[in-house]
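**Q** Right, I'll just put the structure down here and ask away after.
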Amino acid sequence: MAKQLFGTDGIRGRAGEPPLDDPTVFAVGLALGDASRKEGGSTVLIGMDTRKSGPHIAATLAGGLVSKGVAVRFAGVIPTPGVAYLTKSQSYAAGIMISASHNPFHDNGIKVFGPSGMKLPDSREEELEAEILRLRDRTTPGPAANLEVDEALDETYVEHLLSVAAGEPALAKQRVIVDCANGAAARLAPKVFERLGVAEIFGDRPDGRNINEGCGSLHLENLQERVAVSGGRFGVAFDGDADRALFVDEDGAIVDGDVILLLAAEFLAGCDKLPGNRIVTTVMANMGLEKALSERGLSMVRTPVGDKYVLEEMVRGNTSLGGEQSGHIIFRDYATTGDGLLTALMMMQILAAEQKPLRELRKRLKVFPQALENIRVTAKPPIDDVPVLADAVERSSRELDGRGRVVVRYSGTEPLARVMVEAETQGLVDTHTHRLVQLFKQELGA
């Protein structure tokens with residue numbers, strides 16, 4: 001059954017409009033409150049990023065929870081992985097993050113974590129969604145809750161992160177430039193990196209509207225410029241809720257999640273901390289990653305896009321490392337979701353162990369040429385229900401067999417179709433991408 005509210009990563013939309021209007025948000029609180037009480041829980045944790053709409057959404061949702069007799073602890077501005085970590089480590093009935101990740105400031109969202117610190121499986125989201133819609137249609141929103149930030153919560157998360165870096169004096173010899181995206185990392189990244197004495201911080205002056213604006217993991221230009229004049233430093237950029245990280249090496253080249261996964265897999269395997277010599281990634285991972293892992297006696301499993309699907313597969317297969325090309329990297333020994341700050345610390349450990357610059361290490365991954373095109377669409381019918389598109393995708397896949405691949409999917413959070421083509425040569429990529437994009441625009445384009 002198609003979900004109306006939950007997408008790839010929680011509920012997301014324009015703040016103040018469905019599904020983030022007050023009646024729906026209050027109903028989310030009511031539904032989660034009922035579920036928490038039925039499961040024996042009494043307290044829910046709420047955190048948010050720096051969007052100006054965050055406090056209102058958090059207070060409205062908390063109003064629904066409180067009206068059901070559920071207590072709320074409020075972490076204020078904190079990264080999504082901080083909410084996940086605290087939910088699990090402090091045994092909350094649920095954790096809720098108010099964030100739209102990499103989206104512009106006028107959007108927002110609601111991410112829900114179960115008591116295990118994991119995002120809810122699809123089946124649980126479907127159940128919760130049905131209850132939210134039922135309550136929304138039958139209930140008038142009550143008063144919003146008065147929320148006070150508990151400063152001890154984010155300090156607990158910071159101490160957890162620093163414990164990962166404990167006993168690693170070589171980290172202090174590194175110099176890293178950190179872009180906080182004017183988002184959820186803006187308060188905590190300085191606490192982490194300045195205690196290590198290693199960082200130059202920017203993108204840490206949020207004003208409620210500048211989250212992801214010309215900064216962060218989607219806009220690496222400023223970081224590349226700073227690295228270029230830094231005299232040998234490398235850089236890391238987070239997204240709005242700091243659950244992912246991308247790097248810029250000493251030459252200004254972008255280091256994405258595929259490279260991070262390869263380097264981390266080598267490192268963990270060398271420490272005998274990669275069970276099964278296997279990692280988990282998604283259908284978007286470059287074929288070059290699969291080849292490089294195979295050459296090292298390692299393997300990978302692909303899942304649908306979304307770090308929750310990666311984690312579910314990691315749990316099923318008892319895997320310690322997984323992630324996405326976009327920079328969601330899950331180190332399961334320490335986290336239950338992608339964590340940008342943790343990824344940065346782990347990469348610093350890898351660099352310290354290798355005693356080589358990032359510019360050299362990234363070249364271990366020989367990438368296949370790849371193109372990813374986003375087409376704005378008016379509808380999202382199953383591809384198989386549009387014969388001209390299904391035939392075109394099948395034709396390209398057949399022609400690329402053994403030399404490349406095609407991945408076509410819809411965005412779970414935006415009205416977009418994503419067409420990804422990967423092949424041995426740029427010419428093949430260009431030919432098949434152009435053909436498919438034109439057909440998608442013709443059939444579904446806005």
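Each reported figure results from applying straightforward, stated rules to the coordinates on display, with no laboratory input. Only a predicted model underlies this, so the values are computations on that prediction, with no experimental measurement involved. Because the Cβ atoms are built from the backbone with ideal geometry, glycine has one as well, and the counts that use them run over all protein chains shown.
**Q** Between Ser299 and Val149, what is the label-to-label distance in nm when each label sits 7 Å out along the Cα-to-Cβ direction?
**A** Simple spin-label model gives 4.8 nm for this pair.
**Q** On to the next question. Taking the alpha-carbon distance from Lys291 and a cut-off under 18 Å, which aspartates and glutamates remain once sequence neighbours fewer than 8 residues away in the same chain are dropped?
**A** Cross-link targets: Asp256, Asp258, Glu266, Glu324, Asp401, Glu422, Glu424.
**Q** OK, next. Give the lysines reachable from Lys308 as a straight Cα distance under 18 Å; neighbours fewer than 8 places away on the same chain don't count.
**A** Counting by Cα, and skipping residues close in sequence, Lys308 has these lysines nearby: Lys3, Lys88, Lys111, Lys119.
**Q** Just to be sure I understand the curve: with the Debye formula and one point per C-alpha of segment 75-135, what is log10 I(q)/I(0) at q = 0.12, 0.21 Å⁻¹?
**A** Each listed q maps to, in turn, -0.33, -0.89.
**Q** Under 5 Å between amide H atoms, partner at least 5 residues away or on a different chain: which partners does Gly404 have, H built in plane at 1.01 Å?
**A** Those lying under 5 Å, H to H, from Gly404: there are none.
**Q** Straight-line reach from Lys380: which aspartates and glutamates have a Cα under 13 Å away, not including same-chain ones fewer than 8 places off?
**A** The reachable aspartates and glutamates, counting only those whose Cα sits under 13 Å from Lys380, are Glu414, Glu443.
**Q** Okay, next question. If we restrict to alpha carbons, what Rg and Dmax does the chain come to, in Å?
**A** 21.7, 62
**Q** With label points built 7 Å along Cα→Cβ from the Cα atoms of Ser42 and Lys191, find their separation and express it in nm.
**A** Label-label distance for Ser42 and Lys191, simple model: 2.7 nm.
**Q** Something else now. Per 0.36 nm of contour for each residue apart, how much would the distance between Leu162 and Asp137 grow if the chain were fully extended, relative to their Cα-Cα spacing?
**A** 4.4 nm
**Q** What is the calculated FRET efficiency for Arg435 to Glu414, with r their C-beta to C-beta distance and R₀ = 22 Å, to the nearest 0.05?
**A** About 0.40, to the nearest 0.05.
**Q** Thinking of segment 370-444 as a set of Cα atoms, what percent of all their pairs are more than 16 Å apart?
**A** 43
**Q** Expressed as a rounded percentage, what relative contact order does the chain have, with Cα pairs under 8 Å and six or more residues apart?
**A** Relative contact order comes out at 13 percent.
**Q** Okay, next question. Return the long-range amide H neighbours of Thr303 (sequence gap of 5 or more, or a different chain), with a cut-off of under 5 Å between placed amide H atoms.
**A** Thr281, Thr282, Val283
**Q** Once you treat every alpha carbon in segment 320-380 as an equal point and sum by Debye, what is log10 I(q)/I(0) at q = 0.16, 0.30 Å⁻¹?
**A** One equal scatterer on each Cα of segment 320-380 leads to -0.72, -1.21.
**Q** Here's another thing I want to ask about it. Order these peptides, 32-41, 133-142, by their mean beta-carbon neighbour count within 10 angstrom, highest first.
**A** 32-41, 133-142
**Q** Semi-axes, largest first, in whole Å: what does sqrt of 5 times each Cα gyration tensor eigenvalue give for segment 271-418?
**A** The answer is 31, 18, 15 Å, longest axis first.
**Q** Hey, another quick one. Can you order the peptides 248-260, 389-401 by their average number of other Cβ atoms within 10 Å per residue, highest first?
**A** Result, highest mean Cβ count within 10 Å first: 248-260, 389-401.
**Q** Rg (Å, one decimal) plus Dmax (Å, integer) for the alpha carbons of segment 177-367?
**A** Spelled out, the Cα radius of gyration and Dmax of segment 177-367 are 15.8, 48 Å.
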